[in-house]
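A short reminder: the numbers here are calculations on the coordinates, not readings from a lab. Nothing here was measured: the structure is a model prediction, and the numbers come from that model. In this analysis, Cβ positions are derived from the backbone assuming ideal geometry, glycine residues included, and neighbour counts consider all displayed protein chains.
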Amino acid sequence: MKKISFFFFLLFLGKLLFSQEQLPENLEMRQLPIPPVVELPANYDELIKNSKGNFQEKKIDEIIGKALKTSHVVIEKLNDFMFLQVVPNFAYADEKGEERLGEDLMKILNSGTISAAANSQFMSLDYLEMKMMGLPFKRKLADQLVLGADKFDLSISLTFFINMNKLTNMVLNSLENVKDFKPVFNQAEKFYRAKFENSDMIYFIRIPNIAYEIAYTGELYENIIGKNIKEALFIHDAIKNVESKIKKDPQLSFDGRYIKGVKNDKILIDLWFLPQKTAMNPSEAEKIIAKALKHEPVNISGNEKEGK
C-alpha cells in the first residue's frame, strides 16, 4: 500500500536540495560552483560487473547509471528495507532546475512504481551530510563505487531512505537466533540490549547506528549485525568469570559497562571499547581486566562516536 505522506516527504526533500536552508553554512548555494557534468564511461556496465563492491554497492552503481543516462532524479528500491534517491545535480543547476526537480519527483510519486506500508517510518540519510559529520567508519561507500568518491561531493547527490520498522524487525530476528543472550528492546531510544543471564553486563545494539553504518559504508546488513553480535559475545566471555570478583571488590565499581577504581581514577575500563582496543583477542582482554583486579593503572576508553 502506498504511503502518500512518505512520498510527499521525498518531494519536499528533493525540492530543497539546492536551497541554502538544507546546506551547512560553508556550503551555501551562492558559494557553490556549478556541479561538473559527469559522463558514464562507455564500458560502465562492465566496470560494475568487475568492481570490488558487494552486490548492494553494485545495485547503487546501477541506479546511479540510470540517473546519469537520463539526466533525471531516480528513486529505486535497494533491498527490502531501503530506497535510494540519486540526483544528478548538474542536470538541475540552471535557474529552473529546482522546479524541474520537483516536477520529476512528482512524476515518480504519481507513477505508483514505489510503495511502502502505511505505518512505515523512514530515516533519511544524505551521503554528503553524513560525510561532513565525520563519522568514524573507515569504510566509505563512495570509495567502493565505480565513478569515484569525488563525484559525490557536488555532481551527484545520494539520499538513502531506510524503513526503520523493517530494520528493527530484522535486528530482532537476528538477535533472537543467538542462544547466549536475550534481546530487550528500548522503544524510546531505539536500541536492543543484549541481556545475558546472571550478568549485569550492558551492551546496546542501536538501530539508528546500524542505519548510518549501512548508508555511509555500503556494508551489508548481515556483516554489520554480525559484528555487533560478536562484540557482545566477546565482552561477555571476557568478563563472565570475573564479574562476581569485580562486584565484591570494595576498590572497584561496575555498572554494566564501566569498571572503575572507587578512589583510583587511574583505573577505567569501558567494556564497549574492549573489542576494538584488543582486536578481539581474548588473552589481551583477560590481561586488561586482570590489571583492574590487581588495582594497577589501566585505561581502556574512547570517543563515544567511535563506540556504541
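Tabulated data
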{"read-out": "Charge-dipole axis of the chain as Lys and Arg at +1 and Asp and Glu at -1 on Cβ define it, positive-most pick from Phe181, Phe55, Val86", "value": "Phe181"}
{"read-out": "Listed residue (Ile114, Ile269, Asn198) projecting farthest to the positive dipole end of the chain, Cβ model", "value": "Asn198"}
{"read-out": "Cα Rg over Rh - the range 176-287, Kirkwood", "value": "0.99"}
{"read-out": "Karplus-derived 3J(HN,Hα), 6.51/-1.76/1.60, for each residue of the range 225-230, Hz, glycine and proline x", "value": "5, x, 5, 4, 5, 4"}
{"read-out": "Long pairs among Lys179/Lys227; Lys58/Lys151; Lys138/Lys195; Lys66/Lys140, criterion Cα-Cα beyond 18 Å", "value": "Lys138/Lys195; Lys66/Lys140"}
{"read-out": "Trypsin sites (Lys or Arg not before Pro) lying in DSSP loop within the range 138-230, provided at most 13 other Cβ fall within 10 Å", "value": "Lys138, Arg139, Lys179"}
{"read-out": "For the chain, projected area of the alpha-carbon convex hull averaged over all directions, nm²", "value": "18.7 nm²"}
{"read-out": "Built amide H within the under 5 Å cut-off of Ile267, gap 5+", "value": "Gly261, Val298"}
{"read-out": "The chain: calculated mean residue ellipticity at 222 nm from DSSP helix runs of at least 4, using -39500 (n - 2.57)", "value": "-12000 deg cm²/dmol"}
{"read-out": "Separation in nanometres of the label points that stand 7 Å from Cα toward Cβ, at Ala279 and Gln251", "value": "3.1 nm"}
{"read-out": "Order of Asp80, Asp249 under a 10 Å beta carbon neighbour criterion, fewest first", "value": "Asp80, Asp249"}
{"read-out": "Segment Ala149-Lys227, length gained on full extension (0.36 nm per residue, minus Cα span)", "value": "25.5 nm"}
{"read-out": "J(HN,Hα) series, the range 163-177, from Karplus relation 6.51 cos²θ - 1.76 cosθ + 1.60, nearest Hz, glycine and proline x", "value": "6, 6, 4, 5, 5, 4, 5, 5, 5, 4, 4, 5, 6, 5, 7"}
{"read-out": "Max mean-square fluctuation residue, GNM over the chain, Cα-Cα springs under 10 Å, options Glu57, Glu286, Glu231", "value": "Glu286"}
{"read-out": "Within the chain: Cβ-based charge dipole about Cα centre, in debye rounded to nearest 20 (Lys, Arg +1; Asp, Glu -1)", "value": "1100 debye"}
